1. Being among the hydrophobic types (A, V, I, L, M, F, W, C), open to solvent by less than 40 Å² (accessible area, probe 1.4 Å) and not assigned by TED's automatic domain parsing to the domain that holds W62, is that true of even one residue in region 133-143?
2. May I ask you to list the residues in region 132-152 that are within 10 Å of the ligand (Cβ to nearest atom) and either assigned to a loop (DSSP other than H, G, I, E, B) or hydroxyl-bearing (S, T, Y) (or both)?
3. Only one of these is closer than 22 Å to A41 by Cα, part of a loop (DSSP other than H, G, I, E, B), within 12 Å of the ligand (Cβ to nearest atom) and among the hydrophobic types (A, V, I, L, M, F, W, C): V58, V52. Name it.
4. So T84 ticks every box in (1) polar (S, T, N, Q); (2) more than 12 Å from the ligand (Cβ to nearest atom); (3) closer than 17 Å to Q21 by Cα but one. Which box is left unticked?
5. Please find, among K69, K75, the residue that is within 12 Å of the ligand (Cβ to nearest atom) and over 18 Å from the mean Cα position of the chain (by Cα).
6. Is it the case, given these coordinates, that L130 is among the hydrophobic types (A, V, I, L, M, F, W, C), open to solvent by 70 Å² or more (accessible area, probe 1.4 Å) and within 19 Å of K16 (Cα to Cα)?
7. Please count how many residues of region 70-125 are of a type outside the set (K, R), in contact with a strand residue (DSSP E or B) (Cβ under 6 Å, 6 or more places away or on another chain) and buried (at least 17 other Cβ atoms within 10 Å of the Cβ).
8. Can you tell me which residue within region 171-186, out of those that are away from the ligand (no atom under 16 Å from the Cβ), among the charged types (D, E, K, R) and outside any loop (DSSP other than H, G, I, E, B), is surrounded by the fewest Cβ atoms within 10 Å (Cβ to Cβ)?
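The values are calculated or read from the model by the stated rules, or taken from the named source; none is laboratory data. Worth saying up front: this structure is predicted, and the values here are computed from it rather than measured. FYI the Cβ positions are ideal-geometry reconstructions off the backbone, even for glycines, and counts take in every protein chain you see. Ligands, DNA and RNA are stripped out before the accessible areas are found, and what is left, the full protein with its side chains, is counted by its heavy atoms. Shrake-Rupley method; radii C 1.70, N 1.55, O 1.52, S 1.80 Å.
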Amino acid sequence: MALDLTKKEKTLVLIKPDGLQRSLVGEIIHRYERTGLKLVALKMVVPQPETVEKHYNVDPQWRLKNGTKTIDAYKAKGKTPPTTDPIEMSGMTLKKLIKYISSGPVIAMIWQGMHAVGVVRKITGSTEPLTSDVGTIRGDLTIDSYEISDIDGRSVRNLIHASGSPEEAEAEIKLWFSPEEILSYRLIQDEILYDVNLDGILE
Ligand code: GDP
């Protein structure tokens, strides 16, 4: 991951329809906000299925990586995957994700600051709520698992999408926001987080 020396690294966060339906919008924003990251864009939309499809294809490797990860996860649990072709596997996953994420309003946000991608991923937790760490959004605020979601033939409901790398964030931000929707402004706390000398405190 490239280190963003401008300290203006950006990441895209979506609060998925289950997050909104569970009335967790305020709690989720609070968790990101208190880190010191800066909210530079926010809106509520009902995503078009085409937007969700494009979203998961901004990384040309996503289909292969996601399919391989899912097949390996089935095998690790001693289960037979529905297919051994990673592209076919991620195609099945994508269909469910499109249905899930376009099912109702979502909140789309851009958070900015040093290590924005890593900080947001850490607070969000790993993909499956059942095995996400305690203290993370997915670990604390919901209860779903691959086992149950596979039985029900749906996506795992994990409240959030968060970009996986600064490059992915850049591509995803272009898909969800126009440049005018992204604000550039100063926060008083920026000085405490980023000022090298901390020489503005004492009177
Ligand atoms: P993220 O970066 O945390 O959103 O996770 P990924 O991009 O790796 O996965 C995207 C989606 O693929 C998840 O939200 C799940 O719906 C699905 N997925 C990923 N890994 C697995 C798995 O091992 N089993 C199943 N059933 N679905 C998976």
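1. At the first step, the residues of region 133-143 found to be among the hydrophobic types (A, V, I, L, M, F, W, C) are 134, 137, 141, 143.
Pick out the ones that are also open to solvent by less than 40 Å² (accessible area, probe 1.4 Å) and you get 137, 141.
If we keep only those that are not assigned by TED's automatic domain parsing to the domain that holds W62 too, we end up with 137, 141.
Yes: one or more hits.
2. Listed by number, the residues that qualify are S132, D144, S145, Y146, S149.
3. Numbers: V52 fails: part of a loop (DSSP other than H, G, I, E, B).
V58 is the lone residue from the list that is closer than 22 Å to A41 by Cα, part of a loop (DSSP other than H, G, I, E, B), within 12 Å of the ligand (Cβ to nearest atom) and among the hydrophobic types (A, V, I, L, M, F, W, C).
4. (3)
5. Details: K69 fails: over 18 Å from the mean Cα position of the chain (by Cα).
Going through K69, K75 in turn, the sole match is K75.
6. yes
7. Step one: list which residues in region 70-125 are of a type outside the set (K, R), which gives 70-74, 76, 78, 80-94, 97-98, 100-120, 123-125.
Pick out the ones that are also in contact with a strand residue (DSSP E or B) (Cβ under 6 Å, 6 or more places away or on another chain) and you get 105-113, 116-117, 120, 124.
Now restrict to residues that are buried (at least 17 other Cβ atoms within 10 Å of the Cβ): 106-113, 116-117, 120, 124.
The total comes to 12.
8. Among those residues, the one meeting the criterion is E180.
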